[in-house]
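Enquirer: Here's a structure for you.
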Amino acid sequence: MQELEMAGKGSSVRLTRKNDNVVVIEKDLATEEMVLSMGPQHPSTHGVLRLECRTDGEVVTEAEPYLGYLHRCFEKHCEHVDYPAIVPYTDRMDYLAGMNSEMAFAIAVEKLLDIELPRRVEFIRVIVSELNRIASHLVAIGTYAIDLGAFTPFLFCFRDREHILNLLEWASGARMLYNYIWIGGLAYDVPADFNKRVGEFVDYFRPKAVELSRLLTENEIFVKRTRGIGIMPADVAINYGWSGPMLRGSGVQWDIRRNDPYSIYPELDFAVPVPDGKLSDVGDCLSRHLVRALEIEESLKIIEQCLEKIPSSEGFDPRAAVPKRIRPKAGEVYARAENPRGELGFYIQSDGKSTSPLRCKARSSCFVNLSAMKDLSRGQLIPDLVAIIGSIDIVLGEVDR
Amino acid sequence: MEEAANVSKEVQLCAATYSVIHEKFGDAISAFDQNPTMPFFEVLDTALWTDIALFMRDHPKLKFNYMACLSGVDYPEEEKLGIVCNLESIGVYPHRIAVKVRCARQGGSIPSVACVWHTANWHEREAYDMLGIQFDGHPDLRRILCPDDWEGWPLRKDYRVQESYHGIKVPY
């Protein structure tokens, strides 16, 4: 290929000669920065997020996230409804992991009320929230694969997620917005054969998880697109308040189920996976994906242990400890739980007189994780930006609340 | 602080960190409130908040390197607005503590700690958006969840929603 410069000075047209055909390859090259709006309706932003990118050619010099398109005034609503009525709202925050959100809120209020729960309630809570964690990670992995151009893993993920949703629907009556974990207990006990079916699912799903990681994690194209992209060093990640798989992807072994344990997690044996730097560069997009893939296996382990240890349903009343009227004494609490996306915390302030909180703030994990986007995107290529957003695994319902 | 034997271990750790901060800043911070659900102290001299934050982050005995949460709160009876910060130390110490900072409802402001913890950047923007708290020295204090031209501060107790927004009827 031969390159010609036409007419010398003053013209910005560059020509290329190829097999005696003259092809104009660059004409009136604009060299200034361009502002490019990605979203709110863009498949790679996983919902209604808008990124205002300043681009220099294919390189993003800065990407500023704009949020709030899905703001539904969660915190304002909380001040006007009773405590039990807030639980359905928490479902609608992180709609991919409703059980985990409910559990975090229930823990916060229970801490404020200082009530003790029946053991079987704790076990059922852990089983359903770990099932929900697997379902949520499956969506995260599946949609991440789609972002990077792989369609089959997505179908595999959604096929298996369907089984989990069926199980949770059987227990609670709803597929995504459960209202199952109540303050002080559960809405219902699980159906008679539930534990058996969950056991069957675990046996069915184990080989499928291996198959999935064969298909995706060992895929050359996938690794090329994610390895070494969007590296976040551990100290910066902590300073940004990252949590969950994002923080562990940077090599920090921090899991609230371990480090600030709640419910029955201290009795259970599970590992907190962090990347070792062999398959991925620590802190890159691939590490974050790997952590999610490994966590699925840990969740399966937790579920198996719970199925073994769960007390029998004889004489069990899931609503035994549910208070008739929730009116906590004056005080405040900050309690959190490990969600699939990181630390979901609730700051609740009670005045001691009202049956609804004076102030209820939800500390959303993706909101905090996303706030590093501006720094992460600097100097990346546009296709890599898509890989980075996907690896953050945002749910806009929780970001905007 | 340690005399109460029924205080949990977590609160004792918290009290130990408080005494380090109290030694340095003295009367600029309030007494330690050792309630079991969220032990906290309050910054009385608001102007020192950034210094205290930096001290808490960098002191070798404290190392509060992680800000879990920053919530804006309205205190209408005292004519004040405030923030509650939940801090902890990841990977260094097992302690965690909450800090409160308050300012006047009219014309008051709180120094920004976005330069100390990056987490505070968006959380302070949210507190500004929802309660109208001014943060001095914040790099980019804009509304974050509401549109830029929204009127009023939604989470204040005396908030009245606007009648219409760009010709769209708001309250239903």
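A short reminder: the numbers here are calculations on the coordinates, not readings from a lab. As the structure is a prediction and not an experimental result, all values here were calculated from the model. Positions of Cβ are backbone-derived with ideal geometry, glycine not excepted, and every protein chain shown enters the neighbour counts.
Enquirer: Is it possible to state the helix-based mean residue ellipticity at 222 nm for chain A, with each DSSP H run of 4+ residues giving -39500 (n - 2.57), the sum divided by total residues, to the nearest 500 deg cm²/dmol? What is it?
Expert: -13500 deg cm²/dmol
Enquirer: Are any of the pairs A:Lys324/B:Lys80; A:Lys361/B:Lys63; A:Lys374/B:Lys169; A:Lys278/A:Lys301; B:Lys9/B:Lys80 more than 27 Å apart by Cα-Cα distance, and if so, which?
Expert: A:Lys324/B:Lys80; A:Lys374/B:Lys169; B:Lys9/B:Lys80
Enquirer: Which order results if A:Leu186, A:Leu155, B:Leu141 are arranged by neighbouring Cβ count within 10 Å, fewest first?
Expert: Least crowded to most crowded, the residues run A:Leu155, B:Leu141, A:Leu186.
Enquirer: Right, next: With all distinct Cα pairs included, what does the Kirkwood hydrodynamic radius of the protein assembly as shown come out to in Å, to one decimal, could you say?
Expert: Computed over Cα pairs of the protein assembly as shown, the Kirkwood hydrodynamic radius comes out at 25.3 Å.
Enquirer: Using only the alpha-carbon atoms, how far is helix A:382-392 inclined from the longest principal axis of chain A? Give it as 0 to 90 degrees, nearest 10.
Expert: 10
Enquirer: How far, in degrees from 0 to 90, does helix A:152-172 lean away from the longest principal axis of the Cα atoms of chain A, to the nearest 10?
Expert: Tilt of helix A:152-172: around 20 degrees.
Enquirer: Also: Choose one of B:Ile90, B:Ser164, B:His138: the residue whose Cα lies farthest towards the positive end of the charge dipole of region B:20-168 (beta-carbon charges +1 Lys, Arg; -1 Asp, Glu; about the Cα centre).
Expert: The listed residue farthest towards the positive side: B:Ile90.
Enquirer: Loop by DSSP (not H, G, I, E, B), at most 11 other beta-carbon atoms within 10 Å: where is the longest site-free stretch of chain A for GluC sites (Glu not before Pro)?
Expert: A:117-217
Enquirer: Counting other C-beta atoms within 10 Å, and keeping those with at most 13, which DSSP coil trypsin sites (Lys or Arg not before Pro) do you find in region B:22-92?
Expert: For trypsin sites (Lys or Arg not before Pro) across region B:22-92 that sit outside H, G, I, E and B with at most 13 neighbouring Cβ atoms in 10 Å, the list reads B:Lys61.
Enquirer: Something else about it: Below 12 Å, Cα to Cα, which aspartates and glutamates can A:Lys208 reach? Residues fewer than 8 away in the same chain don't count.
Expert: Leaving aside aspartates and glutamates fewer than 8 places away in the same chain, those within reach of A:Lys208 are A:Asp160, A:Glu297.
Enquirer: Let me ask something else. For region A:33-87, what does the alpha-carbon gyration tensor say about shape, rounded, prolate or oblate, given a ≥ b ≥ c as the root eigenvalues, a/c under 1.5 as rounded, and a/b over b/c as prolate?
Expert: prolate
Enquirer: Separate question: In a shell of Cβ-Cβ distance under 15 Å around A:Tyr66, excluding A:Tyr66 itself, what net charge do Lys and Arg (+1) and Asp and Glu (-1) give?
Expert: Charge balance near A:Tyr66 sits at -3.
Enquirer: Summing +1 for each Lys or Arg and -1 for each Asp or Glu, what net charge is found among the other residues whose Cβ lies under 15 Å from the Cβ of B:His138?
Expert: Value of the local net charge: -1.
Enquirer: Same structure, new question: Over what distance in Å are the Cα centres of region B:13-85 and region A:67-124 separated?
Expert: Region B:13-85 and region A:67-124 have Cα centres separated by 27 Å.
Enquirer: Under the Cβ-under-4.7 Å rule, which cysteines of chain A stay unpaired?
Expert: Lone cysteines by the Cβ rule: A:Cys53, A:Cys73, A:Cys157, A:Cys285, A:Cys306, A:Cys366.
Enquirer: Net charge within 12 Å of A:Glu308 by Cβ-Cβ distance, Lys/Arg positive one each and Asp/Glu negative one each, not counting A:Glu308 itself?
Expert: Taking every other residue near A:Glu308 into account, the sum is -1.
Enquirer: Based on Cβ point charges of +1 for Lys and Arg and -1 for Asp and Glu, what charge dipole magnitude is obtained for region A:235-321 about its Cα centre, in debye rounded to the nearest 20?
Expert: 180
Enquirer: Separate question: Please report, in Å, the Rg and the Dmax of region A:236-304, where both are computed over Cα atoms only.
Expert: Expressed in Å, the Cα Rg and Dmax of region A:236-304 come to 12.2, 36.
Enquirer: Counting other beta carbons within 10 Å of each residue's own, what order do B:Trp49, A:Trp170 fall into, fewest first?
Expert: Ordered from fewest to most neighbouring Cβ atoms within 10 Å, B:Trp49, A:Trp170 come out as A:Trp170, B:Trp49.
Enquirer: Still on this structure: What are the GluC sites (Glu not before Pro) within region B:1-73 that DSSP puts in a loop, where the Cβ has at most 11 other Cβ atoms within 10 Å?
Expert: The qualifying sites are B:Glu2, B:Glu3.
Enquirer: Restricting attention to region B:116-153, which GluC sites (Glu not before Pro) occupy a DSSP loop and are surrounded by at most 16 other Cβ atoms within 10 Å?
Expert: In loop regions of region B:116-153 (DSSP not H, G, I, E or B), the sparsely surrounded GluC sites (Glu not before Pro) are B:Glu151.
Enquirer: Still on this structure, please answer the following. When Cβ neighbours within 10 Å are restricted to other protein chains, what is their mean count per residue of peptide B:34-43?
Expert: 3
Enquirer: Calculate the dipole size of the protein assembly as shown relative to its Cα centre from +1 charges on Lys and Arg beta carbons and -1 charges on Asp and Glu beta carbons; express the result in debye to the nearest 20.
Expert: 660
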